[in-house]
Amino acid sequence: MAERPLRVAVVEDYGPMRALLVRELVAGGFRAVGYPDAASLWRHFPDAAFDLVVLNIGLPDEDGFSVSRRLRRDTRVPVVMVSGYGSNEHQLLGLREGADAYLVKPVDIHVLLATLERLARRLGLDDDGAPPRSAGWWLAEDGWLLRTPDNREIALNGHERALLSRLLAAAGAWVPDRDLSAALANGDARPGERPVPARLLRRLRRKIAAFTGLPPPLESRAGAHRFASLINEDAYRPRRRR
């Protein structure tokens, strides 16, 4: 973490959850303040000058998408959406409306802390000695997040994680369908469901392109697939300084 505690606004209408997030963020080295609705955030935002915002979607007075859109329009403050809405449609909408990351409840606090720390490093508020990351595709948080060249973070489901982790291990080499199918067998399919690698890759390409406009280097030919340039971000993660 940076020498100066980073200031985080936690906008969450459910009191116990808001208190939990604030407490855990403070324990993780941030200076966190909780707000129950968008109006409270807007009243304090000009003076508080937050570095980061953790934002729930279902607020009582203004939905989180609108808040994120306004923050993106008027500021450069990164936004992490935290929501119980876990569908691809909600995640894509959140990212289109300006969120830098979208995490689905219940959120592992360690994932939230790591996400905020990574966004802080992107802002230049923290220096971890890692190599430059201004370009390229990065797999992070044990494979649960894909970071794009335009610094967006895409939450992955179990099958997407298994697929990209297998392609990452191949280091750009072609991986046949049978190997990807074996990796996907450990995903989050319902009983009797058999994910098809080619179909899953097509959905993932559409998911990424929908809000970035960037075609990922996911290639397929003759029953084999590869991710031409994918880097394991966890390999560069420093040990957290307490």
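The values are calculated or read from the model by the stated rules, or taken from the named source; none is laboratory data. It should be emphasised that the depicted structure is a prediction, and the values quoted were computed from it without experimental measurement. All Cβ positions, even for glycine, are placed from backbone atoms using ideal geometry, and neighbour counts span all protein chains on display. For the accessible areas, the whole protein counts, side chains as well, though only heavy atoms, and no ligand, DNA or RNA atoms are used. Shrake-Rupley method; radii C 1.70, N 1.55, O 1.52, S 1.80 Å.
Some observations on this one:
- Averaged over its residues, region 46-117 has an accessible area of 42 Å² per residue, based on protein heavy atoms and a 1.4 Å probe.
- Peptides 84-90, 39-45 ordered by average Cβ neighbours within 10 Å, highest first: 39-45, 84-90
- The H on the amide N of residue 137, modeled in the peptide plane, is under 5 Å from the matching H of 231, each at least 5 residues off or on a different chain.
- Separation between Cα centres of region 87-120 and region 49-71, rounded to whole Å: 12
- Cα pair distances of region 28-123 binned at 10 Å [whole percent]: 16, 53, 31, 1
- Protection proxy ranking, peptides 59-65, 158-164, 213-219, average beta carbon neighbours within 10 Å, highest first: 158-164, 59-65, 213-219
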